[in-house]
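Accompanying notes for the structure given below.
The values are calculated or read from the model by the stated rules, or taken from the named source; none is laboratory data. Model, not experiment: these values are computed from the prediction. We place every Cβ from the backbone using ideal geometry, glycine too, and count neighbours over all the protein chains shown.
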Amino acid sequence: MKTAAGTLVIRNGQLVDGTGRAAIPDALVVAQDGKIVYAGPVSTAPAGLLQTTSSSDATVIDARGGSILPGLVEAHFHPTYFNVAALEDLDIKYPVEYVTLLAAANAKLALECGYTAARSGGSLFNIDFWLKKAIEKDLMPGPRLASSGREICGVGGLMDWNPDFRRIGMEGLVLLVNGPNEARAAVRKLVKDGVEWVKTYPTGDAAAPDVNDHHTLCMTFEEMHAVVQTAHNHGMKVTGHCRATEGIKNALKAGYDALEHATFIDDESLELLLARQVPIVPALQFELASIEHGPEYGMPQAVIDGHQETLEGGAESARRILRAGGVVGMGGDYGFAWNPHGDYAKELCFFVNYVGFTPLETIQCATLSGAKIMGRDKEIGTVEAGKLADLLVVEGDVVANIALLEDRSRFVAVVQGGVIKAGQLAKQIPVAAGQVG
Ligand SMILES: [Zn+2]
């Protein structure tokens, strides 16, 4: 991705730098050729720098007394999930050609929502890898992406939903495995596809209450261990959909690099998690959205009850993990009709209003912790000298009112590598949130 040439100056706003530190009032951020050279109080900025910033060549953004923060990181992003109303639609409704176009539209939307980076939580076909390539080559706008490929699940598990009599398998979305040998083979396929993250399904979910509920295991420890050994051998990372306590423990003992959800932790799993500082991405607004909007989409009561249990368990686990010093990323599993693309920042509001994280903690989770999960925290995730100028400038005080991050109309600028890509200062026609599908 190309970075800007020349000087970018942002002033007249408070700096919320993503480290968790209190906001710095009346801040100045200066980037040179796409990298931050100063971020701090205007009063302590070097005199020479102030001269540079007043040169007529500099691009100047007036933050209008609002907030300057790092670009947000969506840590559980499914660009290929096209706001489906039924899970089964994911792999059979559209061909790869159309899903690719939808994924491109979702990536553009995420950037417009202030997300300058994202980690894929699993992909239809191998779209995310090529999506990443197109974004990196500036062929289209989108977050800097860490790609996943097709997701791995045990035969008969949560993601194996097409009945055998239809003879269509799970071609688009999932690699189904029986035993460690097939698990290794599935990972080797992903190695050839070029993906960075291997997404697996150690456990079930409230979505499948009959045979794969959230306390059911969908892979054996041996399968999970084979996935990790093979992936690590090739320099790939492994994550998993982990709800049940036993599945969380299996994943941690098998050497997983991250956990999605980590819903029902106990003392032992918390200890295992902290011993290696394995990050988690709870994705909890999804549960609330399922409870609130599920009935409109015909969700059975058993499913809604399961989401309620997941919501409460997940919130308690996330609180425990953060308070114990764990790494929590913000990612929301968006791409379902009741939890559509464009709503990404609802996750942040949810963590402040329902889970009890402070706004500064939540913003840190949505920036620095996301960058850590991507393995790119030396380049992005905070507004500090030496990092890429991936920034979000918002009208208003986001610490006092985190909900401002949900309102794209208040974004003055979304900046990637010093280039203004979206927001009021970028001139482009935005994709309407929740409209694609
Ligand atoms: Zn997901």
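General remarks:
- Selection count where residues are away from the ligand (no atom under 16 Å from the Cβ), in contact with an Asp or Glu (Cβ under 9 Å, 6 or more places away or on another chain) and outside any helix (DSSP H, G or I), scope the range 245-263: 0
- Conditions (1) charged (D, E, K, R); (2) within 28 Å of VAL99 (Cα to Cα); (3) in a loop (DSSP other than H, G, I, E, B); number of the one not met by GLU182: (3)
- Listed by first and then second residue, the pairs with beta-carbon distance under 6 Å, at least 6 apart or on different chains, first residue in the range 70-85 and within 13 Å of LEU145 (Cβ to Cβ), second basic (Lys, Arg) and modelled with pLDDT of 95 or more, are ALA75/ARG119.
- Within the range 373-391, considering residues that are over 21 Å from PRO279 (Cα atoms) and among the hydrophobic types (A, V, I, L, M, F, W, C), the one surrounded by the fewest Cβ atoms within 10 Å (Cβ to Cβ): ALA385
- Single match in ASP91, ASP62 (criterion: in contact (Cβ under 8 Å) with a residue 40 or more places away in the chain, over 17 Å from LEU348 (Cα atoms) and away from the ligand (no atom under 16 Å from the Cβ)): ASP62
- In the set (1) in a helix (DSSP H, G or I); (2) surrounded by fewer than 21 Cβ atoms within 10 Å (Cβ to Cβ); (3) not aromatic (Phe, Trp, Tyr), ASP91 fails one condition alone, (2).
- Those strands (runs of 3 or more DSSP E) lying entirely in the range 352-428 with at least 2 residues assigned by TED's automatic domain parsing to the domain that holds ASP138 and touching a Cys at 6+ places or on another chain (Cβ under 8 Å): none
- Residue satisfying all of: in the range 319-347; in contact with a Gly (Cβ under 9 Å, 6 or more places away or on another chain) and assigned to a helix (DSSP H, G or I); nearest to the ligand (Cβ to nearest atom) among these: GLU347
- Which numbered condition ALA206 fails, given (1) buried (at least 20 other Cβ atoms within 10 Å of the Cβ); (2) in contact with a strand residue (DSSP E or B) (Cβ under 9 Å, 6 or more places away or on another chain): (2)
- Residue match in the range 326-348 (condition: over 17 Å from the mean Cα position of the chain (by Cα) and over 20 Å from LEU270 (Cα atoms)): yes
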